[in-house]
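Note sheet for the following structure.
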Amino acid sequence: MNTPSSLTDLREAAGRLDPDRVGSALASGLDLWRAADSPWLARLARAHPVYSAAVLERGVRMGVQAWSAQALRQLATDAARRGGPAPGLTAVWLAGSIPTASFHALLLPLLAGSAVYGRPSSHDPASARLFTASLRAVDPGVADALEVGRDDTLLDQADALVAYGSNETIESLRGRAPAGCLFVGYGHKLSAAAVGPAADLESAATAVALDAALFDGRGCLSPAYVFVAQDPQGRADRFAEHLADALGALTETLPRGALSATEQVALRERWAREALREGARVLSPVPRTDWAVLLAPAGTWPEPGLLRFVPVLPVRDLDELGTCCAQLHPHLSSLAHVGWEAGADELEKIVRRGGGARCCAPGRLQAPPLDWRQDEREPLPLLLRKPRTTA
Amino acid sequence: MSRDELDQAVQIWIREGAEGPLDEPRFEALALALFAYQHEHNAPYRRLCETVGIDDPRRVECWQDIPAVPTGAFKEARLACFPPDRRLRVFRTSGSTTERRGELHLDTLDLYEASLRSTFGQYVLGGPSRMRILVLAPPAEEAPDSSLSHMFHIACRDLGTAASRFYVRGHGWDPDALIGDLAEVDESVALVGTAFAFVHLLDELEARGLRLTLPVGSRAMETGGFKGRSRELSREELHGGIAKALGLPRHAIVNQYGMCELASQFYEPSLLLGHVTTVKRVPPWVRTRVVDAATLQDRPRGEPGVLVHYDLANTGSVLAVQTSDLGRRRDDGFEILGRLPGAEQRGCSIAADALLALR
């Protein structure tokens, strides 16, 4: 339970920091996670309730790889130039179970100069706590400006509230935020991959499989759909087979975390529903549910993928890809693409039609840059000082 | 075997009674023959089998290897071995009018009714004599897609006396009529209905300050859970409340477990045994496995797992059905441990229902 005095301590600790020191501490803290044989990754693997150790190690390493000292400095400099004064205390309501998403959510307001109170998700109590501890290991003074706990009364005392979660959660928290509190909400999203006519199917499938296997397809950066140019006919089938092979291989090197019985039954039910559908093809290692590839009949919209159940949707051309992405509006977050004979501008336009802002290569979905425009927002919206920003 | 031959073979077995021998070789032979028939005539099911590598049903050598269809899949496809124009009846899972409901398509009700007569007669009525049945559920004509209402309709028609009656009509139940009849009965009766309807009856009796004593030999059967339509009671609370309010011994209160997707139901044989049991009896023409959700391997006796039923009376659809119910094997049957909770969202990817709702 945080007393007003400890909140004051948090604010005062943030007030004593300059952006360079925060940036350096964050960079050094992240180095601990990037290090070979990182003990922090080992601790996370022991404490995290959702993912296998191999997935955590690969996913976290990849996620923080580009968050270098230079990238942190650049972001802080840009923010200082363009933004106003930071909120004294920012409460961050975390969601989901992706460690790097928690890291990103906590470090941004710190970088903006705010004290931070992070409230971890019930599905991942470990990541935020360990991130704070790693920061303390490199600079206790910076870590004094960051606290992690589950004290919901903090919502009433924060100057800004950054909330992640379902739309229902965002709306509920928006309603609870006190008058004058800056509110920024990030709702649940999904991502997709698009394999164009010029792509090498096998290497594209290997990369998409990695995107799907990291964090077990649970994250908003996991490919919920893979669109494959179906020209010549049968190309999507061949891609699906390569993807099945790649997912099968990753079962050994990046095993999926344990599922609850409910998740197992839901996954099996999903598998059966798709297998019963006329024209659909499901590739999976039955009777196990470690992964599955659904080749959906052309023109159909299956449910989004989850837990390494990956739907592959054939598309005629770039126009149809654009139509499909538009149908995902406003839920699309990122699009991994390869092999489209189109300029980057054109693909970015397609992503924006779905509500997203990020394009990358397959295999890089889980590694957004530090300054990526999540939900098409500036990376440090706290500094824009627009009260009651909409989700 | 042809469908007629299969139906006839199962019908004969059902007529031998719910307490007959399990006869494993007989079950195996019929199950494999029925699976071969369903593989050939049920196109969606054949697709599912082919997906798991069974393109030839002869590759399945024991009934445990027959692919089971999860109950949720009954919402997706018409799982029937006959053309739509031969459809006689559709039973649907309970649910709101907006959500998609599971469907069991039937071209005959013969096996369904034979199975229910056998088990209801055995475990609720306890013998061949007709009994007055008071039903806390709507009649079949008002709920034509409810398998439960059809079951009670057949029970009243074939096993009940002429005084049997339904007490739920239109948009509600008739507490005055039911409580009046219960207070006046002078011979043993069977009061049957949904669990939530029993809760409403208990609340009504309490509100009226009434406690009844039904004639010796009376019994109650509840089924179907609460479905958010009444306050929820534990089994102990519900059965205790019924016993107290109606003056019934605890072993005269029976829980039935069934589902729209199955032709056969499961009962606790408490009346038969003369003492309370929570173990459901499995009729000889049915098998129930308790499996690990991840591997589909049998769980050790007493260990919890997911229930998978193999019902030979499901000749027109699929005989193997995987549920979302948790249970464990006990004695010669199984015990229900509850229903799996709704799948929780442990990631930040948008939930399927949220996305599809917006499309």
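Values quoted throughout were computed directly from the atomic coordinates according to the rules given, and no laboratory measurement underlies them. Owing to the predicted nature of the structure, the values given are computational and were not obtained by experimental measurement. Cβ sites come from the backbone with ideal geometry, for glycine too, and all protein chains shown count toward neighbours.
For the protein assembly as shown, the number of Lys pairs separated by eight or more positions or lying on different chains, with C-alpha atoms closer than 29 Å, is 9. Take every pair of alpha-carbon atoms less than 8 Å apart whose residues are at least six positions apart; their mean separation over the length of chain A yields a relative contact order of 19 percent.
Taking amide H positions as modeled 1.01 Å from N, with prolines and chain starts lacking one, no residue 5 or more places away or on another chain lies under 5 Å from A:His48. The stretch A:12-82 and the stretch B:169-198 have Cα centres lying 67 Å from one another. By DSSP, the beta bridges lying fully in chain B are antiparallel in about 60 percent of cases. From helices alone, chain B scores -8500 deg cm²/dmol at 222 nm; the rule is -39500 (n - 2.57) for each run of n ≥ 4 DSSP H residues, then divide by the residue total.
For the stretch A:1-88, the fraction of C-alpha pairs farther apart than 17 angstrom is 62 percent.
In this simple spin-label model, placing a label point 7 Å from the Cα along the Cα-to-Cβ direction at both B:Ser129 and A:Asp31 gives a separation of 9.0 nm.
Please compute the Kirkwood hydrodynamic radius over the stretch B:77-236, one decimal place, Å, based on all pairs of different Cα atoms. All intermediate terms of the calculation are to be shown ahead of the outcome.
Working: mean 1/r = 0.0589 Å⁻¹.
The answer is 17.0 Å.
R0 = 45 Å: FRET efficiency of B:Lys244 with B:Val52, Cβ-based, nearest 0.05?
After rounding to 0.05, the efficiency reads 0.35.
Helix A:69-82 and the longest principal axis of the C-alpha atoms of chain A enclose an angle of approximately 70°. Here's how it looks for A:Ala336: its modeled amide H is under 5 Å from those of A:Ala192, A:Ala193, A:Ala194, A:Cys360, which are all 5 or more places away or on a different chain. Take each residue of peptide A:275-284, count the partner chain Cβ atoms within 10 Å of its Cβ, and average: the result is 5. Based on C-alpha pairs under 8 angstrom that are at least 6 apart in sequence, the stretch A:52-147 has a relative contact order of 25 percent.
In this structure the amide hydrogen of B:Ile66, modeled in the peptide plane, comes within under 5 Å of no amide hydrogen from residues 5 or more places off or on another chain. Our Cα-only numbers for chain A put the radius of gyration and Dmax at 21.2, 68 Å. Quick check: pseudo-label points 7 Å beyond the Cα along Cα→Cβ at B:Glu61 and A:Asp245, how many nm apart are they? Roughly 3.1 nm, to one decimal. Using C-alpha pairs below 8 Å separated by at least 6 residues, the relative contact order for chain B is 17 percent.
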